[in-house]
Structures are given as structure tokens and as C-alpha cells.
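One structure below.
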Amino acid sequence: MKNISMLAVLMIAILVSGQEKPAASQPQSGQGQSSSQASPAPTSISSVVDRQVSSYERNLVGVAEAMPEDKYNFNPASLNIPNAAYKDVRTFATLIKHTATANYFYWGAVTGEKPPANITGPNGPDELKSKAEIVQFLKESFAVGHRAAKMLTPENMLEPVQFRNQTGPRVYFATAAVIHCADEYGQMVEYLRMNGIVPPASAGR
């Protein structure tokens with residue numbers, strides 16, 4: 001518990017330091033851009049975490065919407081790349097459902113919400129097949145993330161909560177979900193590029 005608490009404090013420091021001056025860290029899109037267009041600096045732990053949730057919501061929903069529906073069952077094994085080890089990796093659709101499922105569990109631990117009853121395993125509901133259903137499932141998981149972020153306060157962020165077989169501070173699980181999203185997003189980006197699609201976050205750069 002002590003180790004997780006210290007890690008949570010470190011994660012908070014990283015998040016705050018990385019968000020204090022967003023205008024300086026972002027590339028300029030044009031000479032006429034005014035300072036009023038820059039996102040305001042977060043003013044609380046709640047707004048810092050909510051900003052991170054929003055960032056990966058944009059990234060993940062962006063790639064989910066960019067992938068054509070007929071490619072949702074793609075995985076790299078179909079490319080028969082010599083010496084590659086893609087045999088048992090998740091399809092694109094399963095990656096999206098897995099990420100949304102983890103979101104429900106991580107952020108539900110923070111808010112006290114139960115995951116949807118139709119989640120019976122790590123890869124989400126089996127009955128979700130269409131692109132529209134899967135994208136909606138992903139979006140709804142991020143709604144839980146925003147609720148989790150917005151309930152964080154200096155008084156409760158280090159309160160212990162239960163996540164599966166471990167206990168840790170609320171803020172740890174709120175931010176661990178974002179880290180997991182980043183991990184899965186990296187895989188989704190590669191799936192898009194293997195199909196000749198530029199991820200929306202990289203378009204125009």
C-alpha cells in the first residue's frame with residue numbers, strides 16, 4: 001500500500017508538470033494563432049486527470065472511427081510477416097472492446113460503479129459485433145472516466161479503493177486507466193498504418 005501511494009504521488013507530479021504550460025509544449029498550427037485558443041491550465045487534481053482522460057478519449061475514439069468496419073476483424077497475423085509473432089494477438093475490434101472493458105473496471109473502482117452486466121471477460125461483451133456498437137461501448141467507458149476524474153479532491157485522492165485483488169489510492173487507478181489506454185492506443189495506431197490509414201492525431205503533420 002505504501003509503495004502504491006508513493007507511486008500515485010509521483011504520477012500526480014508528472015501529470016501536473018506536464019500540463020502546467022500546455023501552450024509551450026504544443027506545436028503552433030499557424031502564425032495567427034492567439035493565446036486565447038490555447039487550453040487553459042488545469043487548476044486542480046480533478047482537472048488534471050480529466051484532461052488526461054479527454055486526451056486519450058480523443059485518440060482512441062479517433063482511431064476507432066477511422067478504421068473501416070470491414071477491417072475491424074484485422075490482426076497482423078493475416079499479413080504473414082516473416083519471423084513475426086502475431087498469431088494470437090487481438091483483432092482491432094477486440095482491442096477496442098478490451099480497452100473499454102479495462103476503463104470500466106479501473107474507473108469504476110474510483111467511482112464505485114459496477115461494470116455493465118454483459119462484460120464477462122477481459123475482451124468485453126461477445127454480442128458487440130458492429131463498428132457502431134463497439135465505438136459506442138468505448139465512448140460510454142470514457143463517460144465513467146470523466147466521472148472518476150471529476151470526483152477527485154485533495155481530501156479523497158489517496159483514499160484506498162479496491163480494484164480486483166489489490167487496494168490502492170483512488171488517483172492511482174484513475175491514472176492507471178490512462179496509462180493502459182496509451183498502451184493499447186499504440187497498438188491500434190500500428191493496425192491502422194498496416195492498412196494504409198494515417199491515425200487522425202497524426203494527420204496533417
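Measuring nothing but how far apart in sequence close Cα pairs (under 8 Å, 6+ apart) lie, relative to its length, the range 40-200 scores a relative contact order of 33 percent. Taking the alpha carbon gyration tensor of the range 40-200, multiplying each eigenvalue by 5 and rooting it gives semi-axes of 30, 17, 14 Å, largest first.
A Cβ-based charge dipole, computed about the Cα centre of the range 40-200 with Lys and Arg at +1 and Asp and Glu at -1, lands at about 80 debye. Computed from the alpha carbon positions, the gyration tensor of the range 149-201 leads to an equivalent ellipsoid with semi-axes of 33, 13, 5 Å, biggest first.
A Förster radius of 25 Å, combined with the Cβ-Cβ distance separating residue 87 from residue 65, puts the computed FRET efficiency at roughly 0.35. The relative contact order of the range 42-94, computed from alpha carbon pairs under 8 Å that lie at least 6 residues apart in sequence, is 28 percent.
Projecting label points 7 angstrom from Cα along Cα→Cβ for residue 195 and residue 130 puts them 1.7 nm apart.
Readers should treat all values here as calculations from the given coordinates under stated rules, not as data from a laboratory. Remember, predicted model here, so these are calculated numbers, not experimental data. No Cβ is skipped: glycine too gets one built from the backbone with ideal geometry, and neighbour counts run over all protein chains shown.
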